Amino acid sequence: MAGGALSLVSWRMIFFINLPAGAVALFLLARAGRSPRSEVPFDWTGQIAAVMAMGALTFGVIEAGSDGFGAPKVLVALALAVAALAVFLRAQARGRHPMMPLDLFRSRTMVISSGTGSAFTTGCYGMVFLYSLYLQQERGLSSLATGLVFLPMTVLSGFVSPLAARLTEKFGPRVPIVGGMFQMGVGLAVLAALPASTPTWLLAVVMIPVGTTGPLAMQPTTAVLLERVPAHRSGVASGVFNTSRQIGGALAVAVFGALLADRAQILHGLRESLVIAAVAAFAAAAANLLLKPASRRQ
């Protein structure tokens with residue numbers, strides 16, 4: 001909503017929201033002590049290759065939405081993404097101090113938790129992206145009014161965190177994780193099925209199950225992951241988990257943006273995108289049923 005209000009002045013103003021938070025983070029980071037466990041060199045090869053792979057893939061998918069996958073610049077971008085990914089995987093497999101040790105993914109918990117984080121951001125970030133465009137372009141809402149549509153799910157998310165903690169304490173983490181991701185899938189599927197004439201207030205109501213999935217499912221997912229990895233790898237595992245979430249959000253925006261590229265078919269693209277996100281959420285819910293109770297070690 002703050003972004004919507006600032007964009008009434010200028011759309012460029014929305015980027016200033018991140019400056020205070022970034023400044024505080026840099027201030028605290030500069031004063032944080034180094035890890036007492038080990039001193040290792042920065043993985044320049046892995047970092048650069050990862051950025052190139054994600055950047056090229058995102059660019060290629062976005063441009064394919066308007067120019068098609070056969071466009072030369074799209075083919076070059078996707079080829080660069082594949083090459084950079086190959087370099088990244090080689091660096092992680094053979095490097096002495098990889099930033100993402102590949103043997104982490106021998107753990108079922110690591111794989112499922114990362115996939116769950118990615119599915120969550122695909123659904124949540126993807127939905128916000130889709131309806132930010134749809135409500136303004138197709139329904140003529142201002143940026144501020146569009147922000148107000150997302151307000152109910154944002155406010156209610158703050159009340160879900162205590163509920164997630166109580167559910168986890170009473171039933172274990174699988175109940176809020178599976179229930180939360182299933183709830184997200186249902187919400188996205190319902191949004192995809194709603195007719196074009198659906199009132200905006202009803203869209204805001206249906207968004208609530210999607211928006212409240214974060215505190216319901218992500219907190220216990222993080223707890224399960226950190227409980228089941230070796231203590232000396234908890235930082236790396238947490239970083240991989242958060243990276244998987246960011247990748248899911250970035251790819252969702254890229255893919256869904258490509259599906260919305262045809263303005264004449266924007267509603268069709270919206271529904272296709274929501275179905276994709278719903279399938280990802282249901283898959284994550286099902287995958288978490290494969291995890292053992294959190295009190296056991298894998």
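Per-structure values
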| quantity | calculated |
| --- | --- |
| Qualifying trypsin sites (Lys or Arg not before Pro) for segment 197-289 [loop in DSSP, other Cβ within 10 Å: at most 16] | none |
| Matching label, semi-axes √(5λ) of the Cα gyration tensor in Å computed from the structure shown, candidates (1) 35, 26, 15; (2) 32, 26, 20; (3) 39, 18, 17 | (2) |
| Net charge of neighbours whose Cβ lies under 15 Å from the Cβ of Ala84, counting Lys and Arg as +1 and Asp and Glu as -1 | 0 |
| Normalised contact order of the chain, rounded percent, pairs of Cα under 8 Å and 6 or more residues apart | 27 percent |
| Order of Asp103, Asp67 - criterion: other Cβ atoms within 10 Å of each residue's Cβ, fewest first | Asp103, Asp67 |
| Extension gain from Ala165 to Ala231, taking 0.36 nm per residue of separation minus the Cα-Cα distance | 21.5 nm |
| Net charge, Gly46 excluded, C-beta distance under 14 Å - Lys, Arg +1, Asp, Glu -1 | +2 |
| Given charges at beta-carbon only (K, R positive; D, E negative), |dipole| of the chain in Debye | 1020 debye |
| Distance in nm between pseudo-label sites at Trp44 and Ala283 (7 Å out along the Cβ direction from Cα) | 3.7 nm |
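Every number here is computed from the coordinates shown, using simple stated rules; none is lab data. All of these numbers come straight from a predicted model, not from anything done at the bench. Cβ atoms come from the backbone with ideal geometry, glycine included; neighbour counts cover every protein chain shown.
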